[in-house]
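To keep things clear, I will list the structure first and then write my remarks on it.
Since every read-out is calculated from the coordinates, none of them should be taken as a lab result. Just so you know, these numbers come straight off a predicted model, no measurement behind them. Every residue, glycine among them, receives a Cβ derived from its backbone with ideal geometry; neighbour counts consider all protein chains shown.
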């Protein structure tokens, strides 16, 4: 399958909403989905590192980094931790670094952009809090679906066997 979102919007128009974030693909998995875990942090990736070091069980970490492109909220070491712990993907409203290494990992990664500068770790950030992007609110427990066409969210799991 090369595209997921067009099929989902055609099959489940009442159950899925577009997530209006202009993110680029950086991971080795171009199509990914899973249950959402949220974190809000600004230029401090302490909570991102901590969460991705735990078992992910196919979940997707959605990070609101306030849109900052000054400090990277994830790099190759945290990305490898996410892979090792079974996360499906990471969506970051902010920056990543080590883009070349992340592109080779079997992990879905979408972010605003890249920057080579790491964050200071001060232990700051809120986990499992509602995140607002445009007119959409994303909460822990929702489902997120991603491909080269963008991002979509749903309150319930969609039956992917119904799409072609």
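A few notes on this one:
- With respect to being crowded, with 19+ Cβ neighbours inside 10 Å, part of a loop (DSSP other than H, G, I, E, B) and touching a residue at least 60 places away in the same chain (Cβ under 8 Å), residue 27 fits the description.
- Residues located in region 52-77, provided they are in contact with a strand residue (DSSP E or B) (Cβ under 6 Å, 6 or more places away or on another chain) and either touching a residue at least 60 places away in the same chain (Cβ under 8 Å) or crowded, with 21+ Cβ neighbours inside 10 Å (or both): 59, 60, 61, 62, 63, 64, 65, 72, 73, 74
- Qualifying residue in region 150-158 (condition: crowded, with 21+ Cβ neighbours inside 10 Å and within 14 Å of residue 25 (Cβ to Cβ)): yes
- Being out of contact with any strand residue (DSSP E or B) (no Cβ under 9 Å at 6 or more places or on another chain) and free of Cβ contacts under 8 Å to residues at least 40 places away in the same chain is a condition met by no residue of region 139-149.
- From the options 107, 112, 102, residue that is buried (at least 17 other Cβ atoms within 10 Å of the Cβ), over 21 Å from residue 140 (Cβ atoms) and touching a helix residue (DSSP H, G or I) at 6+ places or on another chain (Cβ under 6 Å): 102
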